[in-house]
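Colleague: Dropping the structure in here first, questions after.
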Amino acid sequence: QVQLVESGGGLVQAGGSLRLSCAASGRTFSPYTMGWFRQAPGKEREFVAAISWSGANTYHADSVKGRFTISRDNAKNTVYLQMNSLKPEDTAVYYCAADPDWGTTEPQEYDYWGQGTQVTVSS
């Protein structure tokens, strides 16, 4: 089992920045691909970004490319999502998730999930 706890969400004005963190505990953190997803009210959960276990490979959704950056610190068992130039349409609950494999953006492929952190961007 891998336990994931997100933090760093909040209320921010459009154009502002937030940095989300996801702390992992339990089984060894480093072999897992880590991903960030988000879910807005009435919408399906969507992929935001993923990072391979070594950190050498990252992938960002087109909707956040150039604004959001995923990173990880395996020594701290933590993955981050730096969010810049936030827009009202970024408002959602943000979840981190762990997947033993690399290469998927489908939430059903991820084995472990955090409880989520709310991000609200005001216009």
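The values are calculated or read from the model by the stated rules, or taken from the named source; none is laboratory data. Quantities reported herein were computed from a predicted structural model and do not represent experimental measurements. All Cβ positions, even for glycine, are placed from backbone atoms using ideal geometry, and neighbour counts span all protein chains on display. Surface areas here come from the heavy atoms of the whole protein model, side chains and all, with no ligands, DNA or RNA. Shrake-Rupley method; radii C 1.70, N 1.55, O 1.52, S 1.80 Å.
Colleague: In region 1-25, what residues are of a type in the set (A, V, I, L, M, F, W, C) and surrounded by 13 or more Cβ atoms within 10 Å (Cβ to Cβ)?
Modeller: Across region 1-25, the qualifying residues are Val2, Leu4, Val5, Val12, Ala14, Leu18, Leu20, Cys22, Ala23, Ala24.
Colleague: Report yes if Ala23 is over 20 Å from Trp113 (Cβ atoms) and either at pLDDT 95 or above or not in a strand (DSSP E or B) (or both), otherwise no.
Modeller: In short, no.
Colleague: Still on this structure: Report whether or not Arg19 is basic (Lys, Arg) and either within 17 Å of Asp73 (Cβ to Cβ) or in contact with an Asp or Glu (Cβ under 6 Å, 6 or more places away or on another chain) (or both).
Modeller: Yes, satisfied.
Colleague: Report whether or not Thr28 is open to solvent by 20 Å² or more (accessible area, probe 1.4 Å), touching a residue at least 12 places away in the same chain (Cβ under 8 Å) and not aliphatic (A, V, I, L, M).
Modeller: no
Colleague: Quick one: which residue in Asp99, Asp62 is in contact with a Phe, Trp or Tyr (Cβ under 6 Å, 6 or more places away or on another chain) and charged (D, E, K, R)?
Modeller: Unique residue meeting the criteria: Asp99.
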